[in-house]
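Structure first, commentary second.
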Amino acid sequence: MRRKLAAGNWKMNGLRADLAMLETLRAAHEGCAVDLLICPPLPLVAAAAEACAGSAVAIGAQDCHPEDAGAHTGDTSAPMLADAGASAVILGHSERRADHGETSDLVRAKAQAAHAAGLVAIICVGESLEQREAQNTLDIIGGQLSASIPDTATGENTVVAYEPCWAIGTGLTPTSEQIGDVHDFIRARLERRFGAGGGRSIRLLYGGSVKGANAAEIFAVSNVDGALVGGASLKADDFSPIINALADEAKAS
């Protein structure tokens, strides 16, 4: 049985004062039936990990370099993240692919580095609105899956997050049928590549304008094992209803 995961991506938001939210979150969800992960900006990772030590809330990062060390000014390696207390790292987010020109081959190299450092790689895939309207969604997703996920992927070290680019931060959300079609497609691809057991063990998250009002409907969709949440993860009052909806789904399934 895959354990559900609620992951928060703070993106380029948050100062040290905002870490007080983590105390509220950990107090509200101790003993939670699902896994909880917050990925703050890099300068906050170590302090967040210290604040959440011994609690149900794990801390991750938002990117890493594929090399362990070297002359890469401004970059951060996976071993550095692990040393700072991170247990996971988001890779290949559409904003990284768009803003920094990251390719799926680069994402795969970063995932390999994350695995070697003992981090869980949360690998993001998703189509643009133009690709959705051209009915190319599954072709795009299939290509990203093949190129972005390394052969070292297992249910222990890898999570796949489907985030349609056109739904991120826009308030737009795909229908349950659209989400289900993509998640079922991803599951089938993973099973074909890693075998039935291996492919079924990798958790699949949905991301894109997830909020308390639509969380339960999304979590009821086939092969949705949780969510990668952006803006709604910045405040405990917004993130907690999503976590509760996921916990309710976990108990019912």
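Can you count the Lys pairs in the chain with C-alpha separation below 18 Å, eight or more apart or on different chains? Pairs that pass both the separation and distance tests number 5. Positive contributions from Lys and Arg (+1) and negative ones from Asp and Glu (-1), summed over other residues with Cβ under 14 Å from the Cβ of ARG16, come out at -3.
The Cα atoms of the stretch 5-252 cover 45, 44, 34 Å along the three principal axes, with the biggest extent listed first.
Placing unit charges on the Cβ atoms of the charged side chains and taking the dipole of the stretch 173-253 about its Cα centre, the candidate lying farthest along the positive direction among ILE186, GLY199, GLY226 is GLY199. Using the Cβ of ALA227 as centre and a radius below 13 Å, the other residues enclosed give a net charge of -3, where K and R count +1 and D and E count -1. Summary value for the chain: 21 percent relative contact order, contacts being C-alpha pairs under 8 angstrom separated by 6+ residues. Between LYS235 and ARG192, residue separation times 0.36 nm minus the direct Cα-Cα distance comes to 11.6 nm.
All of the numbers you see were taken from the coordinates with simple rules; none came from a lab. Keep in mind that what you see is a predicted model, and the values were worked out from it rather than measured. For neighbour counting, all protein chains shown are included, and Cβ atoms are generated from backbone atoms with ideal geometry for every residue, glycine included.
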